[in-house]
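Each remark here refers to the structure printed beneath this line.
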Amino acid sequence: MDKIVALCKRRGLIFPASEIYGGIANTYDYGHYGVLLKRNVVDAWWDAMLQERDDVVALDSAIIQHPKTWESSGHLAGFTDPLVDCKTCKRRFRADHLAEARENPDSQPEIRCGKRPSKLPGETEECELTEPREFNLMFETAIGPIQGGGQRVFLRPETAQGIFLDFKTVLTFVRRKPPFGIAQVGKSFRNEITPGNFIFRTLEFEQMEMEFFVPPDQADEWYDHWKQARFEWYVELGLRADHLRLRDHDADELSHYSSATADVEYLFPIGWSELEGIANRGDFDLKAHAAGSGKAIEVVEQDGTRYVPHVIEPAAGVGRSVLAFLADAYDEEDLGDGDIRTVLRLHPRLAPVKVAILPLVKKDGQPELAAEVQALLKKRMQTEYDEGGSIGKRYRRQDEIGTPWCVTIDHQSLEDRTVTLRDRDSLAQERIAIDDLGELLSGRLAGPWSSPKSAG
Ligand code: GAP
């Protein structure tokens, strides 16, 4: 994890927020390459939900909803973590995490209730834990100009509730009946007090959530469908299948709304952890909002029969996915003689920059031809022009941000309009005609890809 964090900072992908003030807990900013990577992950998710299917529609609901939303959804009463404080080391823990860490120290390496050295040499003061207290994770704020007054509201802790509130409205304009889904991507907020492990757990985070509404008798079938579909999405985007697994929740792990949940888990540097949850939420939410608002939320069939649909929910985190893709892609290749190449072997579709255009020297017409090549390619894909430093250093810089291809313009390019195309993973170099580059790279970008790390 330390190496990934260092690389992200070094290359400006992701770094601590408010750093000039010493940072703020579990909060990160995304720089240029981080924004591009994150955007590619979100685009791939939208493509899988909208472009590649015709039974899901999009929504962008508000972050601040009517406060009754959270009463009805059960978040006000039930969205809590059991917290304990250690009076000795002054740290705060989730009671369930601490219990798990005690049972299996490798499962939760970040959790240590640290005994303090005592004043007597060689001795430590024992941990002294308080009784667990339930702590609500929602951030609270107020609408209105009067300090301490105004209407008490909450920043949403999940995007899902906006979808349930809008279900009836959406139903009227999509002109379809269940099974169909409503998808949305947006920020959610949770007052997480436990260690974040970089972007694994942050106070604000983007979620990619889809609520799939089905007739009750089809719920089991669609639950299985979405478990499989979501697992495969990660594999298609290059995560090694042996670093992914589907894990069904035990009954005592289920959220207050769920009758069955499975997590897609990834083998993060901190161990196997949740990447995405797929839950069978039944009719819990629609019924709760119908009761809370006093308005019927139902589907009416042509023959007049009415029912409350059940909901299957795949809910993923953008930052957590980005971390999994980074962890899976990070590689150090030994090129011999102590030369280690650090490379992000990202799926080309996710790579922030697809192709770097590098004139070998800053003279003899090479920068001008390089600019021409870039103009040719930039309409098709994200490109980057770089003429600073030795060619070797420029290749390494691109390797570290995961650029799958580098195009080098040299003296021969000016004579025969060919360039060298370098492949990030194999390091193979081919001579390609400038006029063929666009088609060739677009084809490779759209083609299948699997991580070279799987083979070795
Ligand atoms: N609507 C269901 C729901 O929110 P969840 O398992 O609490 O379920 C879904 O969250 C996903 O959102 C998680 O699998 C994770 O990827 C992401 N997520 C949740 N809390 C997060 C946090 N504090 N920081 C980063 N990502 C988080």
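The values are calculated or read from the model by the stated rules, or taken from the named source; none is laboratory data. Values in this document were obtained by computation on a predicted structure and should not be read as measured data. Every residue, glycine among them, receives a Cβ derived from its backbone with ideal geometry; neighbour counts consider all protein chains shown. Surface areas here come from the heavy atoms of the whole protein model, side chains and all, with no ligands, DNA or RNA. Shrake-Rupley method; radii C 1.70, N 1.55, O 1.52, S 1.80 Å.
Against the conditions (1) within 17 Å of the chain's Cα centre (by Cα); (2) over 27 Å from ALA77 (Cα atoms), ASP263 satisfies every one except (2). Residues in segment 182-197 that are within 11 Å of the ligand (Cβ to nearest atom), touching a helix residue (DSSP H, G or I) at 6+ places or on another chain (Cβ under 7 Å) and modelled with pLDDT of 95 or more: 1 in all. Taken as a whole, the condition of being in contact with a helix residue (DSSP H, G or I) (Cβ under 7 Å, 6 or more places away or on another chain), open to solvent by less than 20 Å² (accessible area, probe 1.4 Å) and more than 21 Å from GLY31 (Cβ to Cβ) applies to ILE409.
Among the candidates PRO367, PRO448, the residue that is more than 28 Å from LYS3 (Cβ to Cβ) and more than 27 Å from the chain's Cα centre (by Cα) is uniquely PRO367. Of the set (1) near the ligand (Cβ under 9 Å from one of its atoms); (2) surrounded by 22 or more Cβ atoms within 10 Å (Cβ to Cβ), all apply to PHE213 but (1). Within segment 250-268, track down each residue that is within 14 Å of ASP224 (Cα to Cα) and either of a type in the set (D, E, K, R) or open to solvent by less than 50 Å² (accessible area, probe 1.4 Å) (or both). Scanning segment 250-268 gives ALA260, THR261, ALA262, ASP263, VAL264. Among the conditions (1) touching a residue at least 60 places away in the same chain (Cβ under 8 Å); (2) farther than 25 Å from VAL322 by Cα; (3) aliphatic (A, V, I, L, M), LEU358 misses just one, which is (1). Considering segment 249-273, and only residues there that are of a type in the set (D, E, K, R) and modelled with pLDDT of 95 or more, the residue that is farthest from ASP2 (Cα to Cα) turns out to be ASP263.
Within 17 Å of the chain's Cα centre (by Cα) and touching a residue at least 40 places away in the same chain (Cβ under 8 Å): does that describe VAL5? When the stated conditions are applied, VAL5 passes them. When GLU204 is tested against (1) in contact with a strand residue (DSSP E or B) (Cβ under 7 Å, 6 or more places away or on another chain); (2) of a type in the set (Asp, Glu); (3) more than 12 Å from the ligand (Cβ to nearest atom), just one condition goes unmet, and that condition is (3).
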